[in-house]
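The structure under discussion appears below in the form of structure tokens.
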Amino acid sequence: MPRRTGAVVLAAIPLAVLVVFFLYPVAGMLDRGLRPDGHLDLGGVLDVLTRPRVHRVLWFTVWSAGLATALAVLLGVPVAFVLHRLRFRGQGLLRAVVVLPFVLPTVVVGVAFRQLIAQGGLLGGLDLDGTPVAILGALVFFNVGVVVRTVGALWEGLDHRAEEAAAALGATPRQVFTTVTLPALLPGIVSAASVVFLFCSTAFGVVLTLGGLRYANVETEIYLLTTQELDLTSAAALSILQLLVITVLLAGSHRARRGAVPHAHTAAARRPRRGDAGLVLLTAAVVGFLLTPMVSLVVASLRDQGGWSLQHYRDLQGDGEGNALLVTATTGLTHSLLVAVQAASFALLLGVLVAFLVSRRPRSPGAERLRALFDGVFMLPLGVSAVTLGFGFLITLDRPPLDLRTSPLLVPIAQAMVALPLVVRTVAPVLSSIDPRQREAAASLGAGPLRVLRDVDLPLAWRSLLAATGFAFAVSLGEFGATSFLARDDHPTLPVVIFRLISHPGEANFGMATAASVVLAVATTSVMLLVERLRVSSVGAF
Amino acid sequence: MRTRLITASALLLAGALALTACGSEEKKADQKVDQKPGKTLVVATHDSWAMDKKVMADFTAKTGITVKIQAQGDAGQLTNKLVLTKDEPIADAVFGIDNTFASRAIDEGVLSTYEPTLPATAKQFELQGEDAGSLTPVDYGDVCVNIDDTWFTKKGITPPKTLDDLASPTYKGLFVTPGATTSSPGLAFLLTTVAAYGDDWPSYWKKLVANDVKVDAGWTDAYTVDFTAGGGNGSKPIVLSYSSSPPFTVPKGGTEPTTSALLDTCFRQVEYAGVLRGAKNPKGAQLFIDFMLTREFQQALPDNMFVYPVDTTVPLPAGWDTWAKTATKPYTVDPAEVTEHRSDWLREWRDITTG
Amino acid sequence: MGLEIRDLTVRFGETAAVDDVSLDVPTGAVTAVLGPSGSGKSTLLRVVAGLETPSAGRVSYDGEDLAPVPTHRRGFALMFQDGQLFGHADVGRNVGYPLRLRHRPAGEVRARVDELLDLVGLAGYAERMPATLSGGERQRVALARALAVEPRLLLLDEPLSALDRGLRERLAGDLHDILRAAGTTALLVTHDHEEAFAIADRMVVMRDGAVVQDGSLDEVWSRPADAWAARFLGYASVVSGEAALRLRERVDPGADWTEVALRRSAIRVSEDGPFAATVLAARMTPEQLRLDLDVDGLGPLAGVAETNRSVSVGERVHVSVVTDRLAPLRPADGRSRRTP
């Protein structure tokens, strides 16, 4: 049984990493909350769930995430059509723009958004500041790309002959869409919607910055309970609730995905026609919506003392007004790049192992269940509070042999855990689409398992590996949640530098923060553009 | 072969999970202070830490100790992190626990005793009673309402002066403050109102809410985004900030700030330093606390962290004596009382402000 | 010796895809496993290739138990229905792949690739990419690749099923010749009896995971194990019971069979035929008229007529029986290992 032995060994490595760097810290935090005096206090936990405040928080979480998900789907599906079924110049750039918000640090976006809707801002007249509309807008901003990529990847591979057949049988374009195309896309839409709902219901930075204090979701509530009130029992109660909901969502997303194995072939895209005008306009509007906060950020970075200037960019070589930084912003950028290289390497290494295992086609129902479980467990980091994870690191990885709190690898490892699900989602579909008989043919001709990997999997998967690496790299560049808990200030990443700059007074610091944000956005956009050139449709899809 | 591997990986999993269960029981006894300090010193502090590199280099030159700064969020987060990690402290020394969180840190046994000789003028900032031995005052600051004078001049509106003014219809929708649950200046402002109105503070806050006060998550949001003079495109000319904020609004080429602090609305925040219990380099921590009380460090505080040195004999930066005066009669609340009532006050405050 | 399979069972969950199968693949011959889809023939092939783990039983080659030998060390080669060429490599690299795996010198690889391409009739194709080839060409390349290192056993999984009819017939003949020219031992699985007859020397018929019948082509063809096997082998009709005895009386009174399979051409319309029949349906083909008949005393049977004779539905005709076009079935207690 050499195959199964191999699978067990391969599975053990990422599982061990997940246990040590995710499950164990989270369990440590929950443990503190559930056993405040050393014995289990379930009464306290249940008590938390009966508080009116908790009910308000839960209700807000559900409706804001639900509505944002619906909006993201309504906007994302037409955009997916335009960006993935039509063919026109500049499409690659637009596709990169659509995923960009996903990799931008929330702290940057939060500030950019607020600048936009604050009463003096570009959209100030709409009086959105502090309203749930602003939160919804930001949630859609972050997540519409997920829908576009997921649905687009599926749409691209859809065999258009089924649509042609329906048309030949007399179906109007609308009927073709509702009776053939939509049902075929449904698994992708459901999968994307559940992941977006997951992201929205666990959104943190955006809700905290834009919600003021009026609106809190489960995630910000956990943050407040943990960091401000030290009410770990309540935090644990909410975390457990969150974990349960996430598990259900991931299971739903998994079931939906099962119905949609992306096709290996890419259907020919066509040039836009007159009839596409509406959709193209909608796409332009969505892209405009995604670009506006970023443009306002660029403008802010170039304004100094009422005029245009590159001063804020020149300032990046210094350490800010009033020594706001311990190192210069450029050092922060260098460090960010280094950390991103490390994080992307870890994520790729682990992600490829996981993707390899989940892309095998199991032959018994038992093995299938095990595979699904394995797959799901590695998606969990997507939906667990960064606060819980960050604090968990602090209280669990604090003694030998796991005394890692001061290790320079801690930040890359934490970021790798965040990027891991994205790497898996990028690589696994490509590996699954490889006909297993290719591997069997090679093996029968005398190629050992490693040789099969090199000769069959690698030539077909290298693009997706490269794309996943780039994606992980971009995500790491922008990661703020977990990093802010773990980064050491003498070795900050650029988002941490930006956060420090905006938390210190002085117009120069704020200007530097906008300049640094632009630098960060340009860096991530460049990486995403390169990734886009590889034309791996599973990037950013779920 | 296969069974062995399965067993091995199962053991690995079980082992990792078991780690969560053990560990918290073993408490470290207070380490003895060695005669020789370690070569590096880790200082946990809040996100507002900033200091001249030259000053820090002087400390290293004097003592041979390199200081590693670890910012851990705001004062509240800092304190709570230290409480959570007290079994295996994340640093040797802490700087930045303020009088609103001092009691929690002390009650939770985060700190060990160290009582350096204070500059004569610093005595007034010391904690009362036994607590004085655990935390050393380093600086203080006044959290005050700030106003954009230019805005009020331009609009021809008389600027507010007192807390009561903020609830007046004249200033409806003009005031922004960071929240008490999410930021330390916000908590300080809540305590200001507690000190000013006693048990009646909730009704004052209800009036503020009725007057459309905007409550942001953090100081950054309130000052840099919503305040008219904070660098962003804000629309609120009244903001909760510090008495030291105005000098930073002197325009380039100008000589006077465009904003000022309302000195009748201030809460006095004192920031303390202490040696953490279980520190790996307690001697170094003590040396660093001594250093923070030297004139060199004290003098560098205003420019770097916008706070006033506890050694009031050191000269302040230019302009501070005119534009960054401290309150003569700041509001205060006894730290022990803060610790006792904090959760209740915050819960009530949250219910009022988030309706 | 060659390949020996003994008491082999493969279970997927509750169901046994291969149920206690034993068979031999002698050296130097081509053995075909013939069965409908779901008969377990492909699973059997995958077990031999080492791609599937048996639940019970033993597979050995020249006496060596293959259980601990992984696929790539078995010295076999597997050729799939659709070739499974490596799309990213040209024809030459595909064919030379197993040689490079064995670190043969480049010159030798080149020479051998040319030789193999010549053997499969694709000389000069080395630089072409698989995507530019026709289905038949791809299968030839796949065959050349499989033969490259002279495998001690060549495994063929429906090698011609994906091709259109004309090509399939041509390639089947070529395959037959190439395998004999190379002296290759081969195990072929297919659902198409024509493919099996065209390529193989020996045949194993499988159904529901079990072997129904095995033997040389002639043995299997002339004595189908039962009515199902006869139909699967291409016999058009099976006559049993009273009708069979009536037929035996007429064509071979001395025989003792009780059930017989008839090819379509066994029943022929002729003026002097001994049986009368009613035409139920008639269909024209280039070779002959294909008829569905209701033969008096024998029941419904397939039959033929010369193309120059016009036959209409409902017409009464006389038919004769061509004795060498029918095969008596083995009695139920015969040598077949299992009756389902």
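FYI, it's all coordinate maths here, none of it is from the lab. Remember, predicted model here, so these are calculated numbers, not experimental data. Because the Cβ atoms are built from the backbone with ideal geometry, glycine has one as well, and the counts that use them run over all protein chains shown.
Highest mobility in the GNM of chain B, judged by mean-square fluctuation with C-alpha springs under 10 Å and restricted to B:Ile65, B:Ile157, B:Ile106, is found for B:Ile157.
Name the residue farthest towards the positive end of the dipole of the protein assembly as shown from the options A:Thr283, B:Ala44, A:Val497, assuming +1 on Cβ of Lys and Arg, -1 on Cβ of Asp and Glu, about the Cα centre. Looking along the dipole axis, the top candidate is A:Thr283.
Ranking A:Asn143, A:Val111, A:His39 by how far each Cα lies toward the positive end of the dipole of chain A (charges on Cβ) leaves A:Asn143 at the top.
Remark: relative contact order (chain C) = 17 percent; criterion is Cα-Cα distance under 8 angstrom and separation of 6 or more residues.
In the protein assembly as shown, helices alone account for a calculated mean residue ellipticity at 222 nm of -15500 deg cm²/dmol, with every DSSP H run of four or more residues adding -39,500 (n - 2.57). Working from Cα pairs under 8 Å separated by at least six residues, relative contact order for region C:234-328 is 35 percent.
Seen from C:Gly234, the other residues with C-beta closer than 10 Å to its C-beta sum to a net charge of +1, counting Lys and Arg as +1 and Asp and Glu as -1.
Note on chain B: with a GNM built from Cα contacts shorter than 10 Å, the maximum mean-square fluctuation among B:Pro335, B:Pro169, B:Pro246 falls on B:Pro169. Here chain A is assigned +1 on the Cβ of each Lys and Arg and -1 on the Cβ of each Asp and Glu. Its dipole about the Cα centre then comes out at about 2080 debye. Shielding of peptide C:38-50 by partners, expressed as the average count of other chain Cβ atoms within 10 Å per residue Cβ, is 1. Applying both filters, DSSP loop and at most 13 other Cβ atoms within 10 Å, to the trypsin sites (Lys or Arg not before Pro) of region A:1-103 gives A:Arg87, A:Arg89. Each Lys and Arg contributes +1 and each Asp and Glu -1, all at the Cβ; summed about the Cα centre of region C:68-113, the dipole is approximately 260 debye. Among C:Leu85, C:Ala243, C:Ala227, flag the residue with its Cα farthest along the positive direction of the charge dipole of chain C, charges on Cβ as +1 for Lys/Arg and -1 for Asp/Glu. Ranked along the dipole, the leading option is C:Leu85. Of the chymotrypsin sites (Phe, Trp or Tyr not before Pro) found in region A:13-96, the ones in coil according to DSSP and having at most 15 other Cβ atoms within 10 Å of their Cβ are A:Phe88. Label-to-label distance for A:Leu186 and A:Leu67 is 2.8 nm, based on points extended 7 Å past Cα in the beta-carbon direction. Beta bridges per DSSP, both residues in the protein assembly as shown: antiparallel share near 70 percent. Most tightly packed first, judged by the mean number of other beta-carbon atoms within 10 Å of their residues, the peptides A:182-191, A:415-424 read A:415-424, A:182-191. Which value, in debye to the nearest 20, gives the size of the charge dipole of the protein assembly as shown about its Cα centre, when Lys and Arg are +1 and Asp and Glu are -1 at the Cβ? Taking the Cα centre of the protein assembly as shown as origin, the dipole is about 2580 debye.
Within the same chain, lysines fewer than 8 places from B:Lys329 are excluded, and of the rest, those with a Cα less than 21 Å from its Cα are B:Lys123, B:Lys161. Pairs exceeding 19 Å between alpha-carbon atoms, taken from B:Lys39/B:Lys280; B:Lys172/B:Lys214; B:Lys154/B:Lys206: B:Lys154/B:Lys206.
Expressed as a rounded percentage, what relative contact order does region B:41-102 have, with Cα pairs under 8 Å and six or more residues apart?
Relative CO of region B:41-102 lands at 49 percent.
For B:Gly133, neighbours were defined as the other residues whose beta-carbon sits under 12 Å from its Cβ, and their charges (Lys and Arg +1, Asp and Glu -1) total -4.
What the Kirkwood sum gives for the protein assembly as shown is a hydrodynamic radius of 35.6 Å, with every pair of different alpha carbons counted. Report the residue, chosen from C:Ala236, C:Ala281, C:Ala244, that carries the largest GNM mean-square fluctuation when chain C is represented by alpha-carbon nodes joined by springs under 10 Å. Taking springs between Cα atoms under 10 Å, the residue moving most is C:Ala281. Each Lys or Arg adds one and each Asp or Glu subtracts one; over the other residues with Cβ under 12 Å from the Cβ of C:Leu160, this totals -4. Residue by residue along A:221-232, Cβ atoms of other protein chains within 10 Å of the local Cβ number 5 on average. Take the Cβ atoms of C:Ala123 and C:Asp324, set R0 to 56 Å, and the FRET efficiency comes out at 0.85. Peptide B:76-89 has a mean shielding of 4, counted as Cβ atoms of other protein chains within 10 Å of each residue's Cβ.
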